[in-house]
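Undergrad: One structure coming up, written as structure tokens, with questions to follow.
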Amino acid sequence: MSLSRRIKEARVTAGLNQKDLADRLGVTQSTIALWETGKTAPRRGLMPKLAAALKVTSAFIEHGLHAASAPTQYAAPRRMGHVSQDREAMIVNPATENPVIAFQGVPGAFSHLSCRAAFPAMEPMSCASFEDAFAAVEEGRAGLAMIPIENSLGGRVADIHHLLPESNLFIVAEHFQPVHHYLLGPKGATLETVKEAHSHQQALAQCRNTLRELKIKPVAAADTAGAAMAVAELNDPTIAAVASSLAAETYGLEILRPRIEDRIGNVTRFVVMSRTRIEPDPRSGPCLTSFVFTVRSVPAALYKAMGGFATNGVNMIKLESYISVGDDSRARFYAEIEGHPAEKAVDRAMEELQFFTNNVKLLGVYPQAEFRQDD
């Protein structure tokens, strides 16, 4: 259950309407409406006051953790948005002493949006590179990292497959973030005044037809949120950016037209990284196991290595090859399977994998996102 739904259902259970709750918190009724539709989230400092007004605990509002004061209809475990309720409770544990989540990019990036959507109670930390985001967690400056791994239109994210096995972090969750592009301009800009739209090349490509219809020239930039920041600084009504709604909020830009992407269904899959290896109870629901390996130099080694998954009925949902940095003589493989190593079938398949491979490294065992079931 998402934060927005928890707020709404707790409000209804408490017998309050939106205006009643707004009056108790000193905010407007429209602010409550935005929280309950998931368009914005309460400030972290307001969470205790919100919980008190709804007669639930802050842990319940922020993380979906059960407590005696939580509404009785939440007594049984439920899944929560794109991140299951049980999973969010699990993931927050490593970050209790440091509730910071690192992401690559400037504020307003889609990775930032994902952090806020999946972990609204954690403080986002902007990092210049993926390496910096990994380092922030490894060094204890952040409890978690939100790392994009693939996009439904653009394919896998470059460099991630090299960084995952070289780090000392573990995958503890996955999150699917819908990507919606907005045309953003400085105050006073209109669709008639805008002549150029700046953004990442991939974002511009995904909005090509709309920009052509509006007779707006696409101009490539390093990233979407960075383009939004630059547009805000230029304050030129002829120059707009293609970026997220969060970028508009972050840099004070006007949304000139929402949802300008040419195709629906653009989704980025993120993995959540932690220094602590935490595996879910295999009885709690469907799980995924991610690992990397290299094959032995024997004929049909990859075919034989994969045979154990077929004979044991384990579904492999991803297998990608890449050349390891510093060793271009042999390919490494990144794989994801359905199931938990505690299950007999998965255990047998992983055991057979060892006979034909070298350097198998388990990257993480984690619950499947509800997005997969909804899909």
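Undergrad: If you count, for each residue, the other Cβ atoms within 10 Å and average over each peptide, how do 281-289, 115-123, 313-321, 345-353 line up from highest to lowest?
TA: Numbers: 281-289: 16.3, 115-123: 22.9, 313-321: 13.2, 345-353: 18.3.
Packing proxy ranking, top to bottom: 115-123, 345-353, 281-289, 313-321.
Undergrad: Additional query: Each label point is 7 Å from the Cα along the Cα-to-Cβ direction; what then is the distance between the points at GLU131 and ASP281, in nm?
TA: Going by the 7 Å Cα→Cβ label model, 4.2 nm.
Undergrad: Using the scaling law 2.2 N^0.38 Å as the reference, what is the normalised Cα Rg of the stretch 169-210?
TA: Relative to the 2.2 N^0.38 Å estimate, the stretch 169-210 comes out at 1.72.
Undergrad: Name the residues whose placed amide hydrogens come within less than 5 Å of the amide hydrogen of VAL106, ignoring near sequence neighbours (fewer than 5 apart) on the same chain.
TA: GLY226
Undergrad: Just for the stretch 164-242, what percent of DSSP beta bridges are antiparallel, to the closest 5?
TA: 20 percent
Undergrad: By DSSP, what percent of the beta bridges with both residues in the chain are antiparallel, rounded to the nearest 5?
TA: 75 percent
Undergrad: Pairs of alpha-carbon atoms within less than 8 angstrom and 6+ residues apart define the contacts here; what relative contact order does the stretch 108-194 have, in percent?
TA: 25 percent
Undergrad: With every protein chain kept in the model, how would you rank LYS344, LYS217 by accessible area, 1.4 Å probe, largest at the top?
TA: LYS344, LYS217
Undergrad: Please give, to one decimal in nm, the separation of the simple spin-label points placed at SER297 and LEU153, each 7 Å out from Cα toward the Cβ.
TA: 4.4 nm
Undergrad: Classify the stretch 118-240 from the C-alpha gyration tensor, please: rounded if a/c falls under 1.5, else prolate or oblate depending on whether a/b exceeds b/c.
TA: Numbers: a/c = 2.67, a/b = 1.98, b/c = 1.34.
Prolate, because a/c is 1.5 or more and a/b exceeds b/c.
Undergrad: What is the log10 of I(q)/I(0) for the chain, computed with the Debye formula using one identical point scatterer on each Cα and no solvent, at q = 0.09, 0.10 Å⁻¹?
TA: Normalising to I(0) and taking log10 leaves -0.59, -0.72.
Undergrad: While we're here: Taking Cα pairs under 8 Å and at least six residues apart, what relative contact order does the chain come out at, in percent?
TA: Values: 777 pairs, mean separation 60.5, N = 375.
It comes to 16 percent, rounded to a whole number.
Undergrad: Stretched out fully, how many nm does the piece from GLN202 to ALA220 gain, at 0.36 nm a residue minus the Cα gap?
TA: Using 0.36 nm per residue and subtracting the Cα-Cα distance, I get 5.6 nm.
Undergrad: Moving to a separate point now. Taking 0.36 nm per intervening residue step and subtracting the Cα-Cα distance, what contour gain separates GLU139 from ALA331 on full extension?
TA: Stretched out fully, the GLU139 to ALA331 stretch lengthens by 66.1 nm.
Undergrad: State, to one decimal in nm, how far the label point of ASP23 lies from the label point of GLU123, with both points 7 Å from Cα in the Cβ direction.
TA: In this crude spin-label approximation the distance works out to 3.5 nm.
Undergrad: May I pose another question? Report the gain in length on full extension from LYS187 to GLU213: 0.36 nm times residue separation, minus Cα-Cα distance, nm rounded to one decimal.
TA: Extra length from LYS187 to GLU213 when fully extended: 7.1 nm.
Undergrad: Related question: Averaging sequence separations of C-alpha pairs under 8 Å and six or more residues apart, then dividing by the length of the stretch 184-270, give the relative contact order as a whole percent.
TA: Across the stretch 184-270, relative contact order equals 41 percent.
Undergrad: Counting residues in the stretch 279-327 as N, plug N into 2.2 N^0.38 Å and put the Cα Rg over that result.
TA: So the stretch 279-327 has a normalised radius of gyration of 1.45.
Undergrad: Take the Cβ-Cβ distance between ALA345 and ARG5 as r, set R0 to 25 Å, and report the resulting FRET efficiency rounded to the nearest 0.05. Walk me through the numbers before you get to the answer.
TA: Values: r = 35 Å, r/R0 = 1.40.
Computed FRET efficiency for ALA345 and ARG5: 0.10.
Undergrad: Can you give me the long-range amide H partners of GLY339? Hydrogens built in the peptide plane at 1.01 Å from N, cutoff under 5 Å, separation of 5 or more residues or another chain.
TA: CYS287, LEU288, THR289
The values are calculated or read from the model by the stated rules, or taken from the named source; none is laboratory data. Bear in mind the structure is a predicted one, so any value in this text is a computation, not a measurement. Backbone-built Cβ (ideal geometry, glycine too); neighbour counts: all protein chains shown. For the accessible areas, the whole protein counts, side chains as well, though only heavy atoms, and no ligand, DNA or RNA atoms are used. Shrake-Rupley method; radii C 1.70, N 1.55, O 1.52, S 1.80 Å.
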